Amino acid sequence: MNMIGKLRTLLGSRPTEADVAWHMDRFIEILEPRIAALPGYRARLEPAAQHAHDYCAHLAAGIPGPYVVSRSQHGSNPLLNALFPQREDIGIAMGRSIEVRDRIHEFADAGNGEIYALLGMRQRVTAAGNPELPRGWRKPRFADHTLRSLGNSEDAVRRRFATAAFDSLRHGFLNQVQNLRRCEKLMHSERALLRETATGAESAGEDDGALDMLATDLSPAGLLDSLIDWLNAPQQHLRLEMGHEDATVVMPLDDPGQRGLQKLELPALVGADRRRWPLCLIRFARAEALAAVGRESLAHRYILI
């Protein structure tokens, strides 16, 4: 099992209460156990970890919703019509969601009639048959509707998203360290080859200096410093951005007696997934989702936070 797999397995069994220090201790065991022997490492690491954890909770609190999603309301609900261009898109989103398929029976056992979730989408911006419409008001067409972080309440979904975001920050740092370690191994191999072929002491000395610099960065103390810097700047690695045209919902005014359009700007998730996902919270009937899962033979939609 690779390091990412070990981390996911270890963090899969979480304590009853959110304990940032406990999670970071488990993370250090995977990243570099020798960090735990450094004097005062917890006193240095815990403020940065708490800062990153609070940042993720702040991200979760900023996601709009929850909005009701139901096939029966499609056609009469302007926001629902804007989010799901076709009525069948609702059933497809529920039925093809990997998380809905895997976890829907949890809600059946608990007797929950309604499920809350994070909805991520992608969209193509079109002029909606009106080239005179200003660019910022062009009608979007959302696609690839994907559900994540299911819960039995709005708060549960926000907590799940915050937890996933915090995990994503740590996974991102671990991936970076793994890449550096692979580079270090490659440099060792290249240095051995140079020693076999090079005749100049100068070139060998330059290679030794580069390797020493890389080794210093990957020492327990160097890793701790880098991890603290990483956690103190979480916005560089995971964020919600506003103002993107492809994350704007354009819909009719709430009053059917008035003509015109209104906009709802959704935050777009920018992080580990190269795709940019406009996000909102939704709620829907468990029975409707269960029926949608039964109609779909393949689950293949997910959001990587």
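Of everything in the range 11-48 that is among the β-branched types (Val, Ile, Thr) and at pLDDT 90 or above, the residue that is surrounded by the fewest Cβ atoms within 10 Å (Cβ to Cβ) is 30. Contact annotation: residue pairs with Cβ atoms under 9 Å, 6 or more positions apart or on different chains, pairing a residue in the range 79-105 that is within 16 Å of residue 283 (Cα to Cα) with a partner that is surrounded by fewer than 19 Cβ atoms within 10 Å (Cβ to Cβ) and of a type in the set (Phe, Trp, Tyr), are 79/67; 80/67; 83/67; 97/302; 99/302. For the range 86-107, the tally of residues that are small (Gly, Ala, Ser) and more than 19 Å from the chain's Cα centre (by Cα) stands at 2.
Here residue 116 fulfils each of the conditions (1) farther than 30 Å from residue 229 by Cβ; (2) modelled with pLDDT under 95; (3) crowded, with 17+ Cβ neighbours inside 10 Å; (4) not aliphatic (A, V, I, L, M) apart from (2). Only a single item in (1) buried (at least 16 other Cβ atoms within 10 Å of the Cβ); (2) in contact with a Pro (Cβ under 8 Å, 6 or more places away or on another chain) is not met by residue 100, and it is number (2). Just so you know, in the range 49-75 the residues that are among the hydrophobic types (A, V, I, L, M, F, W, C) and surrounded by fewer than 20 Cβ atoms within 10 Å (Cβ to Cβ) include one that is nearest to residue 115 (Cα to Cα), and it is 68. For the range 62-91, residues that are out of contact with any Lys or Arg (no Cβ under 6 Å at 6 or more places or on another chain), under 18 Å from residue 278 (Cα atoms), assigned to a helix (DSSP H, G or I) and modelled with pLDDT of 90 or more total 3.
The values are calculated or read from the model by the stated rules, or taken from the named source; none is laboratory data. If you're wondering where the values come from, they're calculated on a predicted model, not measured in any experiment. In this analysis, Cβ positions are derived from the backbone assuming ideal geometry, glycine residues included, and neighbour counts consider all displayed protein chains.
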